[in-house]
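The values are calculated or read from the model by the stated rules, or taken from the named source; none is laboratory data. Fair warning: this is a prediction, and the values are worked out from it, not measured in the lab. Quick reminder, even Gly has a Cβ in these numbers, built from the backbone with ideal geometry, and neighbours come from all protein chains shown.
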Amino acid sequence: QASNEAQSRGWHLYLVGGGVRDLLLTEANQPLLLQDIDLVVDGFHRATDDGAGLELASKIQQMYPQARLSVHGEFQTAALLWHKDPTLGNLWIDIATARTEFYPYPAANPEVEASSIRQDLYRRDFTINALAVRLTSPKKGEFSRKGDLLDFFGGLLDLRSRQIRVLHPNSFIEDPTRIYRAVRFAVRLGFTIESQTEEYIRYAIASGVYERLRLENQQAPALTTRLRTELKYILQAEYWKPALQLLADLEALRCLHQDLILTNQLWWQIRCVSRWLKIIDPENNFDHWLIRLEVLIAHLNPSERIKVATNLQLPKDSLQRLKKLEQIETEVIEKLPHYQRKSEIYLLLRQYKYVSLILLSVRTSKSIRRTIWQYLTRLAKVEPLLNGNDLKNLGYQPGPIYKQILDNLLIATLDGKIHSYTEAEAFIQ
Ligand code: CTP
């Protein structure tokens, strides 16, 4: 329908970006479910047509009122979102007006103006993402056909030779998040980063583009939001380990902080935390990707941690954990080795959140780590053998005394002094 609407206005409509790449990578007999579809319109007659993407999206939204329309005016794009279908999930369709981007300075947000499909594709990150399929029939006098693949930059060849190749040398300087994207696509698709592209990445990092921008420019928040999004994609993916290693090989963790490198110790810490999380939180109630990121940040000096976390606009919980980590570390390392009784261990560690303890555990000695593990997997789950109802049945008047009795019961249970209901009853008499 979008292509009919475009056609009737004399415009061209194209499928572009990841959708084309994934279509071409999918074997003919395999199913492909596109959930994120990028369309681009071009071929205008009038200057006012630079809102073509928005016009088409609004038209489609009138036909499908259940779709939600949102507009990013400054970038001349409109997005349609169909909410969760139980089997198919969400569907996003972005309809953009073909555009050229200008980066007013390195790593800035691009400024935009309407242009042709070729220029639109040229502003993109990698050749494999700069392919387009024409969805409209040609106008009189044009040679191309509906369904044609537009490949101006050798994307098809790179797909076949499984390479991530950047379109222009300045790409990573203009947008350092593309370094993370290169790694993500390389690992996810099993491609290699083409050698010249790798050089451009190393050059951008060595030139300190991200660090310089953070210091010099207030436009940075938009960039760090994009960086955080890419980090999230990488750290929550199944393939996070090879991706993190590749980022480290490229020294790209320095985009987060100049001093951040993946030492053997840090590599061990992050894997250890991930193993613990898998066991303690198999249902993913915590954001595992965020905790992995916190492990990386916790590797920095305490004074730098908050700067990095704030800059990445991490959620309040994360900031709190990173802020308190040093203090918890001091308290636990000082006190825990002197505690023998399980109740002492319990009462000390229950003051802290699970995730803080997990973060802390990899920063301590083996014996403290074991004790924290014992707490997380066993002690924290121990319950007093009686509950409030039992106390009521035993004739206790409800009130603050309940908490005291139940706490005493819990301590006695932890220390192995009581094992049964009868013993518990006798204990409180
Ligand atoms: N793009 C870009 N530079 C970026 C982000 C995106 O050039 N920093 C372009 C790429 O052409 C990309 C398209 O915008 O194909 C859409 O971006 P996005 O949806 O993030 O990526 P996809 O390629 O669709 O990848 P995925 O399958 O992971 O969604």
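Return the residues of segment 159-196 that are more than 13 Å from the ligand (Cβ to nearest atom), of a type outside the set (Gly, Ala, Ser) and farther than 21 Å from LEU253 by Cα; say none if nothing qualifies. Scanning segment 159-196 gives ARG160, ARG162, GLN163. Counted as qualifying within segment 304-402 are the helices (runs of 4 or more DSSP H) with 1 or more residues that are over 22 Å from GLU423 (Cβ atoms) and under 33 Å from the mean Cα position of the chain (by Cα), namely 316-335, 342-349, 354-361, 366-377.
Filtering segment 329-354 to residues that are hydroxyl-bearing (Ser, Thr, Tyr) and closer than 23 Å to ASP281 by Cβ leaves TYR346, TYR352, TYR354. Please tell me if ALA252 is within 15 Å of the chain's Cα centre (by Cα), within 16 Å of the ligand (Cβ to nearest atom) and surrounded by 14 or more Cβ atoms within 10 Å (Cβ to Cβ). Answer is no for this residue. Somewhere in segment 64-87, is a residue in contact with a Lys or Arg (Cβ under 8 Å, 6 or more places away or on another chain), at pLDDT below 85 and surrounded by fewer than 16 Cβ atoms within 10 Å (Cβ to Cβ)? Yes, the conditions are met somewhere in segment 64-87. Scanning segment 11-41 for residues that are surrounded by fewer than 16 Cβ atoms within 10 Å (Cβ to Cβ) and either more than 11 Å from the ligand (Cβ to nearest atom) or of a type in the set (Val, Ile, Thr) (or both) yields LEU23, THR26, GLU27, ALA28, ASN29, GLN30, PRO31, LEU32, LEU33.
Being in contact (Cβ under 8 Å) with a residue 60 or more places away in the chain and of a type in the set (Asp, Glu) is the requirement here; does ASP390 meet it? In short, no.
Taking LEU262, is it within 16 Å of LEU359 (Cβ to Cβ) and surrounded by 14 or more Cβ atoms within 10 Å (Cβ to Cβ)? Answer is no for this residue. Considering only residues that are hydrophobic (A, V, I, L, M, F, W, C) and either assigned to a loop (DSSP other than H, G, I, E, B) or away from the ligand (no atom under 16 Å from the Cβ) (or both), which ones fall in segment 125-144? Selection gives ALA130, LEU131, LEU135, PHE143. Pairing residues of segment 220-247 that are modelled with pLDDT of 90 or more with residues that are not in a helix (DSSP H, G or I), at Cβ distances under 6 Å and at least 6 apart in sequence or on separate chains, gives ARG228/LEU312. Scanning segment 124-172 for residues that are surrounded by fewer than 20 Cβ atoms within 10 Å (Cβ to Cβ) and β-branched (Val, Ile, Thr) returns a single hit, VAL133.
For VAL209, the conditions (1) touching a Phe, Trp or Tyr at 6+ places or on another chain (Cβ under 6 Å); (2) modelled with pLDDT under 90 are fulfilled apart from (1). Consider segment 202-212 and keep the residues that are surrounded by fewer than 23 Cβ atoms within 10 Å (Cβ to Cβ), of a type outside the set (Asp, Glu) and assigned to a helix (DSSP H, G or I). The one that is nearest to the ligand (Cβ to nearest atom) is VAL209. Restricting segment 369-421 to residues that are under 24 Å from VAL332 (Cα atoms) and touching a Pro at 6+ places or on another chain (Cβ under 7 Å), the residue that is surrounded by the most Cβ atoms within 10 Å (Cβ to Cβ) is THR413. The lone criterion from (1) within 13 Å of the ligand (Cβ to nearest atom); (2) assigned to a loop (DSSP other than H, G, I, E, B); (3) within 29 Å of ASN4 (Cβ to Cβ) left unmet by LEU121 is number (2).
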